[in-house]
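Visitor: Quick one: the structure is below, questions incoming.
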């Protein structure tokens, strides 16, 4: 197995997820192992290793991803009154597939 959980498990359908929002190019779903009480992940459906791996031709995809992140964040804000949005790079990035976390609450672990 590679170090890309999202391609290997989620996008392949091997690991079922609870979908929050989906477009042709982007998937937002509840994290399979949440770190926060509200923990939603937003991923492109096409493999991109990280934020730093984006290419100039990815502008449309980036705009679509940010739109999905914004819509999910609006939903979390409406329900929780607060949220955080983050992405990780390097050693902080467990799965080598670009993804954004939209979350709220104190860490569960």
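Rule-based calculations on the coordinates, nothing more; no lab input. On a predicted model such as this, the values are computed, not experimentally measured, just so you know. Backbone-built Cβ (ideal geometry, glycine too); neighbour counts: all protein chains shown.
Visitor: Taking only pairs six or more apart or across chains, which ones have beta-carbon atoms under 7 Å, a first residue in the range 92-109 that is without any contact (Cβ under 8 Å) to a residue 24 or more places away in the chain, and a second residue that is buried (at least 16 other Cβ atoms within 10 Å of the Cβ)?
Guide: Taking only residues 6 or more apart or on different chains, not a single pair turns up.
Visitor: Taking the range 85-109 on its own, how many of its residues are over 12 Å from residue 51 (Cβ atoms) and surrounded by 14 or more Cβ atoms within 10 Å (Cβ to Cβ)?
Guide: The number of residues fulfilling the criteria is 7.
Visitor: Hey, another quick one. Among the residues of the range 26-61, count how many are farther than 26 Å from residue 82 by Cα and touching a residue at least 40 places away in the same chain (Cβ under 8 Å).
Guide: 5
Visitor: Step by step: first the residues of the range 1-27, then only those that are touching a strand residue (DSSP E or B) at 6+ places or on another chain (Cβ under 8 Å) and not in a strand (DSSP E or B), then the one that is nearest to residue 69 (Cα to Cα). Which residue is that?
Guide: 25
Visitor: Does residue 20 satisfy being surrounded by 14 or more Cβ atoms within 10 Å (Cβ to Cβ), touching a helix residue (DSSP H, G or I) at 6+ places or on another chain (Cβ under 9 Å), closer than 22 Å to residue 104 by Cβ and free of Cβ contacts under 8 Å to residues at least 60 places away in the same chain?
Guide: yes
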